[in-house]
Amino acid sequence: MKANCWTGRNSVEVQDVPDPSILNSRDAIVKITSTAICGSDLHLLDGYVPTMEKGDVMGHEFMGEIVEVGPGISDGKLRVGDRVVVPFPIACGACASCRAELYSCCENTNPNAGISEKFFGHPTSGIYGYSHLTGGFAGGQAEYARVVLADANALKIESDLTDEEVLFLSDILPTGYMGADMCDIQEGDVVAVWGAGPVGQFAMDSARVLGAEKVIAIDKETYRLDMAATQGYETIDFENTDVRSALLELTGGRGPDKCIDAVGMEATHGASHVHLYDRAKQAVRSETDRPHALRQAILSCRSGGVVSVIGVYGGLIDKFPAGAWMNRSLTLRTGQCHVQRYMKPLLGLIEQGKIDPTRVITHRLPLTEAPIGYDLFKNKKDRCEKVVLTP
């Protein structure tokens, strides 16, 4: 089959790879009908996430039709022909973390748990197409994929919603929603979102659905800010405006009630000297991640507020404002998304027309043009916000 493979830093290539097969009695094989390129994939492309190997199949946002099921899956659960969306974290459904609905912290699905334990103190769940740190599972930017423990993970789509309406239930829609959910939004809250990429856009939509009175988008890309503005959100261009000062002005001097970091490790800063400082720290390996957005969120949030972090961080950061966090009673909440917790409720919101996931799609390409899609997305060419690939 054809699959988009990592071939080195800043290089992907569509190659012929072996077809997947059933390895566990609860596995299923899915013929992929739609997949997508995620901002998190760019961290792999750029080499910021370790343990990638040449030939690894990329992609963790995918859906399709089941063509084979393992003997351990009961007939009433999943059948050949079912249309399913696959969440990016792989959950066993039975461990203490899964029982607490902390699915991205599953204790049983990462066969390389020892590696991630060295990095993070405890292992994470397995993740499709996201390095050997998270299990080395083949991803979904391919014609077929093995879905691990499918009966505990895959969401069956039984309505006539299109692929584009439900595909993002695999990752970015639940991730954006979890970012807002962790904020405990109250009626009248002002919510600021760093990053107006796809996850940031969905965090804004979710904040509004959950009751925010005002939502503020922070980015430097005009087309992304325009996309947010068309939804009625306030916008701040961080290259031309001091973010904290602008937020104080918009909130009567208090700061936003809730702040969401939807950027993560490759953040940029409007002030060149600040940005160069962190680039230099990265170059000499004194830190792995650039925490501009996180620092700004903590320093801008009102005292007693919540900072929610859904942007991906992979290692160590410098000059974390611990004093501001502690002395001003800020709550910091984080996590890889526990996708399985949110899929069904969000499917309901899509069916009710309260959230439109298709609004972020700007480019549709065949799988064979995945490298072009990565170039468009990474370099923000042609106002690229989200790329959907069709095998």
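The values are calculated or read from the model by the stated rules, or taken from the named source; none is laboratory data. Treat the numbers as computed from the prediction; the structure is a model and nothing was measured. As a convention, Cβ positions derive from the backbone with ideal geometry for all residues, glycine included, and neighbour counts pool all protein chains shown. Just so you know, the surface numbers come from the protein's heavy atoms only, side chains and all, with ligands and any DNA or RNA stripped out. Shrake-Rupley method; radii C 1.70, N 1.55, O 1.52, S 1.80 Å.
Of note:
- Comparing mean-square fluctuations of 343, 326, 58 from a GNM of the chain with C-alpha springs under 10 Å, the top value falls on 326.
- Per-residue ³J(HN,Hα) for the range 4-11, Karplus 6.51 cos²θ - 1.76 cosθ + 1.60, θ = phi - 60°, Hz, x for Gly and Pro: 8, 10, 6, 10, x, 4, 6, 8
- The sum of -39500 (n - 2.57) across all DSSP H runs of n ≥ 4, divided by the residue count of the chain, sets its helix-only mean residue ellipticity at 222 nm to -7500 deg cm²/dmol.
- Net charge contributed by nearby residues that have their C-beta within less than 9 Å of residue 46 (K/R +1, D/E -1): +1
- The GluC sites (Glu not before Pro) of the range 131-236 that DSSP puts in a loop, and whose beta carbon has at most 11 other beta carbons within 10 Å, are 158, 187.
- Highest mean first, the peptides 91-100, 26-35 sorted by other C-beta atoms within 10 Å per residue fall in the order 26-35, 91-100.
- Remark on residue 14: its backbone amide H falls under 5 Å from those of 5, a criterion applied only to residues 5 or more positions apart or on other chains, H modelled at 1.01 Å from N.
- Close amide H partners of residue 56, meaning residues 5 or more places away or on another chain with modelled amide H under 5 Å apart, are 6.
- For residue 144, the amide hydrogen comes within under 5 Å of the amide hydrogens of 32, counting only partners 5 or more places away or on other chains and with H modelled in the peptide plane.
- Sparse-neighbourhood loop sites, trypsin sites (Lys or Arg not before Pro) in the range 248-318 - DSSP loop, at most 12 other Cβ within 10 angstrom: 285
- Only lysines eight or more places from residue 156 in sequence, or on another chain, were considered; those with a Cα closer than 29 Å are 2, 31, 77, 344, 354, 386.
- Per DSSP, loop GluC sites (Glu not before Pro) in the range 29-111 with at most 15 further Cβ within 10 Å: 53, 101
- Protein heavy-atom surface of the chain, 1.4 angstrom probe: 48% of the accessible area is carbon and sulfur, with nucleic acids and ligands not counted.
- The range 106-151: relative contact order as a whole-number percent, Cα under 8 Å and 6+ apart: 29 percent
- Note on residue 381: aspartates and glutamates with a C-alpha under 14 Å away, same-chain residues under 8 apart excluded, are 221.
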